């Protein structure tokens, strides 16, 4: 099948398929007599694997490792488990960091009274990091 057909079948954009070929996640496809890339059902399955891995937030290097583990029948599922658990721990850390950022931003926005730019709590929080709404005595931090 042509690249456009592989893209539809896998749910992966055709430019992304070309990128995955350049970075070595996809093997170079065979070519037709007229030079078109020719993809097999196995290629489409690999593209789906990569796409699903990206949807789950795995980096390209993590996906590369998962593909090696998937392609080697001698390796244990334990290797996959270790990689997946490390990725999940990273996701939890990012969630915690995003929750902290959201809380801080909510607090700054809640203090925003509109008005003059010089007394804007949002801009003040960006100019003076680390000053939270309860400890900042600078007039720029408070409305």
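The values are calculated or read from the model by the stated rules, or taken from the named source; none is laboratory data. All figures in this text were calculated on a predicted structure; none of them were measured in a lab. We place every Cβ from the backbone using ideal geometry, glycine too, and count neighbours over all the protein chains shown.
Observations on the model:
- Whichever residue in segment 15-35 is buried (at least 16 other Cβ atoms within 10 Å of the Cβ) and not in a helix (DSSP H, G or I) and, among such residues, is modelled with the lowest pLDDT: 29
- Meets criteria (surrounded by 11 or more Cβ atoms within 10 Å (Cβ to Cβ) and without any contact (Cβ under 8 Å) to a residue 12 or more places away in the chain) for residue 70: no
- Tallying residues that are over 22 Å from residue 68 (Cβ atoms) and either in contact (Cβ under 8 Å) with a residue 24 or more places away in the chain or in contact with a helix residue (DSSP H, G or I) (Cβ under 7 Å, 6 or more places away or on another chain) (or both) within segment 80-116 yields 8.
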